[in-house]
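The values are calculated or read from the model by the stated rules, or taken from the named source; none is laboratory data. Please read these numbers as outputs of a predicted model, since none were measured by experiment. Here Cβ is always computed from backbone atoms with ideal geometry, including for glycine, and neighbour counts include all displayed protein chains.
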Amino acid sequence: MPALVVIGAQWGDEGKGRVVDLLSAKADLVVRYQGGANAGHTVIVGGEKFILHLIPSGVIHPNATCLIGNGVVLDPKTLFDEIDDLIARGLDVPNRLLISERAHLTLPYHLIMDKAREAGTRSIGTTQRGIGPTYTDKIARLGVRVADVLDEELLRGRVAQNLADKAPVLNLVPEADRPKLDEILATFRVYAERLKPYVADVSAVLNEALRSGKNVLFEGAQGTGLDIDFGTYPYVTSSNASAGGACTGSGIGPTKIDRVIGISKAYLTRVGLGPFPSKMEPEAEALARQRGNEYGATTGRPRDCGWFDLPLMKHSAEINGLDGVVITKLDVLDAFAEIKVCVAYQCGDTRYDRLPASLSQLAKCEPVFETMPGWEADTSAARTLADLPGNARRYLERLNALTGVPLSAVSVGPSREEIILLDETLPAYAF
Ligand code: IMP
């Protein structure tokens with residue numbers, strides 16, 4: 001390290017949780033800096049499965065202190081459910097978690113606003129966790145931050161204003177289900193007491209840690225294709241899922257970041273609506289979904305599956321300034337007789353080798369595929385490149401040559417040890 005950012009290079013669900021878990025073995029601090037309970041980071045340790053929505057995946061290692069930065073939106077119910085679950089499973093969360101006083105909170109009306117919008121004609125397939133409406137209020141300067149719930153008078157005024165502003169939408173739900181000011185205040189009084197011991201000036205903690213040479217790992221949520229600025233807008237999430245978000249979402253300067261690692265599946269998935277140029281044909285998609293267990297960790301929705309998408313990856317490499325890439329789930333491709341790579345999008349006479357901004361243009365594009373032979377053999381026991389079948393090695397070499405980004409590691413299964421480490425300078429591992 002000392003300051004390493006791990007981001008999703010595709011449309012989320014790349015397997016960031018398991019990579020962060022590995023890298024956390026030597027981390028002093030692990031930081032979440034954007035997104036909210038829409039994320040679902042799955043980590044499997046010794047056969048035990050953890051799905052983390054808000055708390056950094058580094059919590060599973062006993063050494064790291066976990067920080068939730070100002071750029072995250074927090075649903076207190078999900079947060080405390082997650083904390084209680086982790087404590088019940090033996091993790092010392094109270095002594096290892098700090099939450100930014102500047103992080104914005106998801107209130108009950110945000111969930112209603114998200115669901116109402118999704119029920120209408122402008123649905124984008126959100127996780128319905130209130131993410132968009134919480135960030136909307138943040139930008140509109142109507143939001144409620146962690147520091148604000150500790151001040152009940154301020155909270156009363158802010159919530160009352162929000163309930164009045166949002167009444168036209170909130171009144172669409174039955175009277176009994178509408179959020180009431182006094183009920184919200186009573187619930188948040190309890191949350192405020194529970195939040196107090198965790199609240200900190202996360203930016204100050206981080207800067208001090210970096211000054212004293214501590215190892216800091218930044219854990220991105222979602223992926224670059226879902227970034228509010230650089231994703232397939234409007235089919236995106238409402239935060240900067242790309243590496244730049246690590247600075248604004250935690251309170252450190254860009255000069256403090258040493259390295260950015262992107263995580264990418266050996267193929268591609270997407271959940272929710274939005275363009276997907278390299279989508280697989282139905283038979284291949286069914287096989288990838290079944291082998292990769294491609295169902296959303298937060299919503300359980302089946303994920304759409306596609307082939308590795310080079311224009312998306314090249315876009316991602318530049319937006320994030322990737323120093324390396326970890327390819328995950330190579331083993332899912334073990335059963336395929338042939339494997340495709342989408343090397344460009346063709347739109348009439350125009351050939352795109354980066355993700356275009358215009359979705360109407362993208363909708364007219366046809367994927368340009370390169371086809372490679374599969375390896376049809378089990379890769380899960382491989383721990384070095386030499387252990388892989390020749391065609392699997394050639395596939396990885398091709399991805400490396402096409403993207404121009406060095407391969408840092410390749411995962412061949414969900415457990416901690418099922419990984420091929422290629423970049424020995426990555427911080428050491430738990431095995
Ligand atoms: P929202 O973040 O719930 O507003 O959803 C916006 C879009 O981002 C939808 O397409 C979601 O499916 C997608 N999304 C949000 N979080 C994740 C994630 O953690 N993994 C994959 N897709 C996500």
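Output the residues belonging to region 45-67 that are of a type in the set (A, V, I, L, M) and touching a helix residue (DSSP H, G or I) at 6+ places or on another chain (Cβ under 7 Å).
To start, the set of residues in region 45-67 that are of a type in the set (A, V, I, L, M) comprises 45, 51-52, 54-55, 59-60, 64, 67.
Once the filter is applied, which keeps residues that are of a type in the set (A, V, I, L, M) and touching a helix residue (DSSP H, G or I) at 6+ places or on another chain (Cβ under 7 Å), region 45-67 yields 45, 52, 54, 55, 59, 60, 64, 67.
Do the conditions hold for residue 269, that is, is it more than 30 Å from residue 95 (Cα to Cα) and part of a strand (DSSP E or B)? Full working, then the answer.
On the way: more than 30 Å from residue 95 (Cα to Cα): yes; part of a strand (DSSP E or B): yes.
Criteria met by residue 269.
In the list 132, 143, which residue meets the criterion of being within 16 Å of the ligand (Cβ to nearest atom), modelled with pLDDT of 95 or more and part of a loop (DSSP other than H, G, I, E, B)?
On the way: 132 fails: part of a loop (DSSP other than H, G, I, E, B).
Just a single option satisfies the conditions, and that option is 143.
Yes or no, residue by residue, for (1) assigned to a helix (DSSP H, G or I); (2) aliphatic (A, V, I, L, M); (3) free of Cβ contacts under 8 Å to residues at least 40 places away in the same chain:
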position	(1), (2), (3)
342	no, no, no
355	no, yes, no
372	no, yes, yes
382	no, yes, yes
392	yes, yes, no
395	yes, no, no
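Within region 397-409, is even one residue of a type in the set (Ser, Thr, Tyr), out of contact with any helix residue (DSSP H, G or I) (no Cβ under 6 Å at 6 or more places or on another chain) and not in a helix (DSSP H, G or I)?
Filtering region 397-409 for residues of a type in the set (Ser, Thr, Tyr) gives 403, 408.
With the extra rule that they be out of contact with any helix residue (DSSP H, G or I) (no Cβ under 6 Å at 6 or more places or on another chain), the set shrinks to 408.
Pick out the ones that are also not in a helix (DSSP H, G or I) and you get 408.
There is at least one residue in region 397-409 that is of a type in the set (Ser, Thr, Tyr), out of contact with any helix residue (DSSP H, G or I) (no Cβ under 6 Å at 6 or more places or on another chain) and not in a helix (DSSP H, G or I).
Tell me, please, whether a residue that is out of contact with any strand residue (DSSP E or B) (no Cβ under 7 Å at 6 or more places or on another chain), of a type in the set (D, E, K, R) and not in a helix (DSSP H, G or I) can be found in region 195-202.
So far as region 195-202 goes, yes, one or more of its residues are out of contact with any strand residue (DSSP E or B) (no Cβ under 7 Å at 6 or more places or on another chain), of a type in the set (D, E, K, R) and not in a helix (DSSP H, G or I).
When you go through 91, 97, 52, 86 one by one, which is the residue that is of a type in the set (A, V, I, L, M, F, W, C), under 25 Å from residue 247 (Cα atoms) and more than 16 Å from the ligand (Cβ to nearest atom)?
Numbers: 91 fails: under 25 Å from residue 247 (Cα atoms); 52 fails: more than 16 Å from the ligand (Cβ to nearest atom); 86 fails: under 25 Å from residue 247 (Cα atoms).
So the residue among 91, 97, 52, 86 that is of a type in the set (A, V, I, L, M, F, W, C), under 25 Å from residue 247 (Cα atoms) and more than 16 Å from the ligand (Cβ to nearest atom) is 97.
Just checking, how many residues over region 269-292 are within 16 Å of the ligand (Cβ to nearest atom) and either among the basic types (Lys, Arg) or not assigned by TED's automatic domain parsing to the domain that holds residue 311 (or both)?
Looking only at that region, the number is 3.
For residue 262, only one of the following conditions fails: (1) within 16 Å of the ligand (Cβ to nearest atom); (2) in contact with an Asp or Glu (Cβ under 7 Å, 6 or more places away or on another chain); (3) part of a strand (DSSP E or B). What is its number?
(2)
I'm trying to understand the selection: among the residues of region 294-311, which are under 23 Å from residue 42 (Cβ atoms) and either away from the ligand (no atom under 14 Å from the Cβ) or of a type in the set (Gly, Ala, Ser) (or both)? Spell out how you get there, then give the answer.
Of all residues in region 294-311, those under 23 Å from residue 42 (Cβ atoms) come to 294-309.
If the condition is that a residue be under 23 Å from residue 42 (Cβ atoms) and either away from the ligand (no atom under 14 Å from the Cβ) or of a type in the set (Gly, Ala, Ser) (or both), then 296, 297, 300, 306, 307, 308, 309 are the ones that fit.
Does residue 25 count as modelled with pLDDT of 90 or more and either closer than 12 Å to residue 221 by Cβ or in a helix (DSSP H, G or I) (or both)?
For residue 25, the condition - modelled with pLDDT of 90 or more and either closer than 12 Å to residue 221 by Cβ or in a helix (DSSP H, G or I) (or both) - is not met.
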